[in-house]
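Notes for the one structure printed next.
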Amino acid sequence: MKEQKRSIRRNIKASVAALGAEERARLSEAVTAAVEALPEFDKAETVLCFWSLPDEVCTHEFCNRWHTKKRILLPVVVGDVLELRLFCGEERMAAGAFGIKEPVGEAFVSYAEIDLALIPGVSFDLDGHRLGRGKGYYDKLLPLIPAKKIGLCFPVQITSAIPTDSWDIPMDAVVTAK
């Protein structure tokens, strides 16, 4: 199973890189617009998102656009777990693990208050199974969050089937672009 996952990661990485920066930006706008059109997003007051890496659906503009209207939470790497913190604008962020910008401030631990969780992944399959980067950060976080979980990805990140482990939590939906 590990080799299968490695192979999927390798293939998806090449496919995403082949899109090019302009196409990733165009697709990212389409994905975030689709999220904004969801009734669950409209109703949500507290949204878990992520500060995207260059090979992920770009969420920077989305977070900046919405943080004054909704509580936007972002994960912060602390040791081998993800801690959630309130996003209060880019000026209140600092470089964290893996060179990812992370919000500064107190940890947010009221997981039951999260209305919607937007989750990154290397790949998703048609049943909502998610393949991450292999460190297990989201495997530890997702069981704590009762909210609806939506994976965000580019179309090339959809795989027919992802090998799963007993602890893997599928997404309730996956949003991509055309």
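Of everything listed in (1) of a type outside the set (Ser, Thr, Tyr); (2) farther than 29 Å from VAL156 by Cα; (3) out of contact with any strand residue (DSSP E or B) (no Cβ under 9 Å at 6 or more places or on another chain); (4) at pLDDT 95 or above, the single unmet condition for GLU91 is (4). Looking across the stretch 34-80, the residues that are modelled with pLDDT under 95 and over 15 Å from the mean Cα position of the chain (by Cα) come down to VAL78, GLY79, ASP80.
Say whether the condition of being touching a helix residue (DSSP H, G or I) at 6+ places or on another chain (Cβ under 9 Å), in contact (Cβ under 8 Å) with a residue 12 or more places away in the chain and in a helix (DSSP H, G or I) is met by at least one residue in the stretch 46-57. Scanning the stretch 46-57, I find no residue that is touching a helix residue (DSSP H, G or I) at 6+ places or on another chain (Cβ under 9 Å), in contact (Cβ under 8 Å) with a residue 12 or more places away in the chain and in a helix (DSSP H, G or I), so the answer is no.
Within the stretch 115-171, the set of residues being among the hydrophobic types (A, V, I, L, M, F, W, C), within 23 Å of LEU73 (Cβ to Cβ), surrounded by 14 or more Cβ atoms within 10 Å (Cβ to Cβ) and free of Cβ contacts under 8 Å to residues at least 40 places away in the same chain comprises LEU142, ILE169.
Inspection of the stretch 155-165 identifies at least one residue that is under 17 Å from ILE12 (Cβ atoms), in a loop (DSSP other than H, G, I, E, B) and touching a His at 6+ places or on another chain (Cβ under 6 Å).
Going through (1) at pLDDT below 95; (2) over 28 Å from PRO146 (Cα atoms) one by one, VAL16 falls short only on (1). Filter the stretch 63-114 down to the residues that are among the acidic types (Asp, Glu) and in a strand (DSSP E or B), then identify the one that is surrounded by the most Cβ atoms within 10 Å (Cβ to Cβ). Among residues in the stretch 63-114 that are among the acidic types (Asp, Glu) and in a strand (DSSP E or B), the one surrounded by the most Cβ atoms within 10 Å (Cβ to Cβ) is GLU102. A single entry from VAL35, VAL47, VAL81 fulfils the requirement of being farther than 26 Å from THR176 by Cβ and of a type in the set (Val, Ile, Thr): VAL81. Criterion applied to GLY99, GLY151, GLY121, GLY134 was being in contact with a Cys (Cβ under 7 Å, 6 or more places away or on another chain) and either within 26 Å of GLU23 (Cβ to Cβ) or polar (S, T, N, Q) (or both), and the one residue passing it is GLY121.
Checked against the criteria, GLU56 counts as in contact with a Pro (Cβ under 7 Å, 6 or more places away or on another chain), acidic (Asp, Glu) and either loosely packed, with under 13 Cβ neighbours inside 10 Å or under 20 Å from GLY151 (Cα atoms) (or both).
Does PHE50 meet the test of being over 26 Å from ALA97 (Cβ atoms) and aromatic (Phe, Trp, Tyr)? Considered against the rule, which asks whether it is over 26 Å from ALA97 (Cβ atoms) and aromatic (Phe, Trp, Tyr), PHE50 comes out as no. Taking the criterion of being at pLDDT 95 or above, under 11 Å from the mean Cα position of the chain (by Cα) and assigned to a loop (DSSP other than H, G, I, E, B), the residues of the stretch 115-146 that qualify are PRO120, GLY121, VAL122.
The values are calculated or read from the model by the stated rules, or taken from the named source; none is laboratory data. On a predicted model such as this, the values are computed, not experimentally measured, just so you know. Neighbour counts run over all protein chains shown; Cβ positions are idealised from the backbone, glycine included.
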